[in-house]
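> The following block contains the structure, expressed as structure tokens.
The values are calculated or read from the model by the stated rules, or taken from the named source; none is laboratory data. As the structure is a computational prediction, the values presented were derived from the model and not from experiment. Backbone-built Cβ (ideal geometry, glycine too); neighbour counts: all protein chains shown. Heavy atoms of the whole protein, side chains included, go into the accessibility calculation; ligands, DNA and RNA do not. Shrake-Rupley method; radii C 1.70, N 1.55, O 1.52, S 1.80 Å.
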Amino acid sequence: MEKQMIFPANRFALVPDRDEVFAWLQCDAGPCRAAFEREWVPALQLLEETMTPVAVCAQRNANALTVFLTIGKETEKRVSALFQEERYILGSLLNTLCDEMLFQMDSKLANILQRELVSEHLYMAERLEPRVHLSPETLQADFGSLQSMVPFARVTTSGVLYPAKSMLYRIVLTGESRTVSALHDCARCDQADCLYRNRKHESLREKEKLPERELKESTKRRKRLVWREEIGIPVLLSSNASVDDNSEVSRFMDYFKLADPNDAAYGALSDRVHLLTC
Amino acid sequence: MNWMRTEMERPGQREQFQDALLRGDRPAVEEMIRQELADYPYWRDELLGELTEQYLEGAVPFSQLTVLAEAAAALAEHLPPVAVCGSLEGNPGDTGRNFIQMLFRAWGVPTLDLGADVPADHFLDAVSGQGIRFVIAAAFSADDAGAAMLLHQKAMERGIRDQFDLLICGAKLTEETGKKLQLACMDHRAAAVARWVVQTWKNR
């Protein structure tokens, strides 16, 4: 029987971090900092008035958990209204605050879920992300089990989430004790041009005081370990997945990104995809 | 607004005006333009053009463009729209479209916003009814190619495809798809799309 869980707003103590938000906007220095500082308090007030965070999970079997989290639909409506009123600085700041809150929620929810699962002797093996691992059709099917808990939300046929300030992903579970991060990993996200990608890495490096070279090397090592252990076939250790030159590597990267469970062309990788998505 | 020159330009006035734009000081800009000097739109274009180029080269952040846009919008006049903007059908998102609207307003390009999840016919009705020259479709991912293709095909069926330039902003479609759509411009950055429209429109 499917198990469902709802985590309402009071489970998430979200605290806006001005320095983080300004770093993401790259307005932490220069002439525009004063303009954004003027709008910080109004942005916080609007955020408090409109944000309605909620997270829901559905566990269909012992192998997988589907998770959806959102900060609600009202804040992004307010962002659009601000842009219509030509209050671009406040709108832009509120938009970025929404994203920071969403990432904070993701982090807190990961901790909550880990505690809930450990109590049932279950552990997280891997986090599967939209478009990278999960096709739009799979996302829609996964979301179907959550719809009744979040009737205001939806997933379009092209895999777009509504409200936009949301995340939907699948956690692969295991009975073997593991220490795996359940956080959204920017390095494995297909939004290569995301505003926050480099900034989050920079702020992470700043917080953990890791030299840049060391952080990049640790990311590469993690990728190698995942590919060797989970796939079991010889693969290139680094490849630019955005190159589309119809080469064998390029087609392999396309398959890896789309993860079609009905395509058995890639041996052990295809078997793994079929296991995880069907 | 009547941009007739009513008094001689004072020394440093351009610098003061551009400084107010860079600080996002809209009240100061509004106070200055009450003097109705003919040069304000040109000074705005000069600064906005320079900052856009620097942003596209990665030299300044988008937040600086945002600050400038808020102040520059004070100069925008109420003219009939020449561009229409909307998120393609199936895409309920607003973020990309918000930034396109912001930049067009800053540049003074009169634009009609159709909102999110816009069927192809709504775009085309705007072209037929209002003489729109630029259709900017905000896309989220390569999966939006289908909706973009539908827009192009319906325009061909209606016989109006040659009446407008089609631009895609927000997602990278393949080059092959871009050619099939006869795209005038395709870029994930709103500033690049805005620059193309501005240069084309202002050189008319």
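> For A:Val56, are the conditions met, namely being surrounded by fewer than 21 Cβ atoms within 10 Å (Cβ to Cβ) and closer than 30 Å to A:Ala125 by Cα?
No, not satisfied.
> Take region B:155-178 and flag every residue that is under 23 Å from the mean Cα position of the chain (by Cα), farther than 14 Å from B:Val84 by Cβ, surrounded by 14 or more Cβ atoms within 10 Å (Cβ to Cβ) and away from chain A (no Cβ under 14 Å).
Scanning region B:155-178 gives a single hit, B:Arg161.
> When the residues of region A:1-53 are filtered to those that are in a loop (DSSP other than H, G, I, E, B) and within 14 Å of chain B (Cβ to nearest Cβ), which remaining residue is surrounded by the most Cβ atoms within 10 Å (Cβ to Cβ)?
A:Cys27
> For the structure I just gave you, tell me whether B:Gly86 is closer than 20 Å to A:Tyr88 by Cα, open to solvent by 10 Å² or more (accessible area, probe 1.4 Å), within 14 Å of another protein chain (Cβ to nearest Cβ) and touching a helix residue (DSSP H, G or I) at 6+ places or on another chain (Cβ under 9 Å).
Taking the combined requirement at face value, the residue does not satisfy it.
> Residue check: is A:Lys77 of a type in the set (Lys, Arg) and modelled with pLDDT under 90?
No.
> I'd like to know if region A:14-23 contains one or more residues that are modelled with pLDDT of 90 or more, touching a Gly at 6+ places or on another chain (Cβ under 6 Å) and not acidic (Asp, Glu).
no
> Moving on to the next point. Identify all residues within region B:103-119 that are open to solvent by 10 Å² or more (accessible area, probe 1.4 Å) and more than 17 Å from the chain's Cα centre (by Cα); write none if there are none.
B:Asp117, B:Pro119
> Does region A:130-141 contain any residue that is assigned to a loop (DSSP other than H, G, I, E, B), at pLDDT below 90, closer than 30 Å to B:Met102 by Cα and assigned by TED's automatic domain parsing to the domain that holds A:Ala23?
yes
> Counting only residues that are open to solvent by 10 Å² or more (accessible area, probe 1.4 Å), touching a residue at least 40 places away in the same chain (Cβ under 8 Å), more than 9 Å from chain B (Cβ to nearest Cβ) and assigned to a helix (DSSP H, G or I), how many does region A:71-99 have?
Summing the residues that are open to solvent by 10 Å² or more (accessible area, probe 1.4 Å), touching a residue at least 40 places away in the same chain (Cβ under 8 Å), more than 9 Å from chain B (Cβ to nearest Cβ) and assigned to a helix (DSSP H, G or I) in region A:71-99 gives 1.
> Given the structure, is A:Thr157 within 14 Å of chain B (Cβ to nearest Cβ), of a type in the set (Ser, Thr, Tyr) and more than 20 Å from B:Gly115 (Cα to Cα)?
no
> For the subset of region B:179-204 comprising residues that are in contact with an Asp or Glu (Cβ under 7 Å, 6 or more places away or on another chain) and closer than 16 Å to B:Ser87 by Cα, which member is farthest from the other protein chains (Cβ to nearest Cβ)?
Among those residues, the one meeting the criterion is B:Val193.
> A follow-up question, please. May I ask you to verify whether B:Phe62 is open to solvent by 10 Å² or more (accessible area, probe 1.4 Å) and modelled with pLDDT of 90 or more? Even if it seems obvious, please write down each step before you answer.
Numbers: open to solvent by 10 Å² or more (accessible area, probe 1.4 Å): yes; modelled with pLDDT of 90 or more: yes.
So B:Phe62 passes the test.
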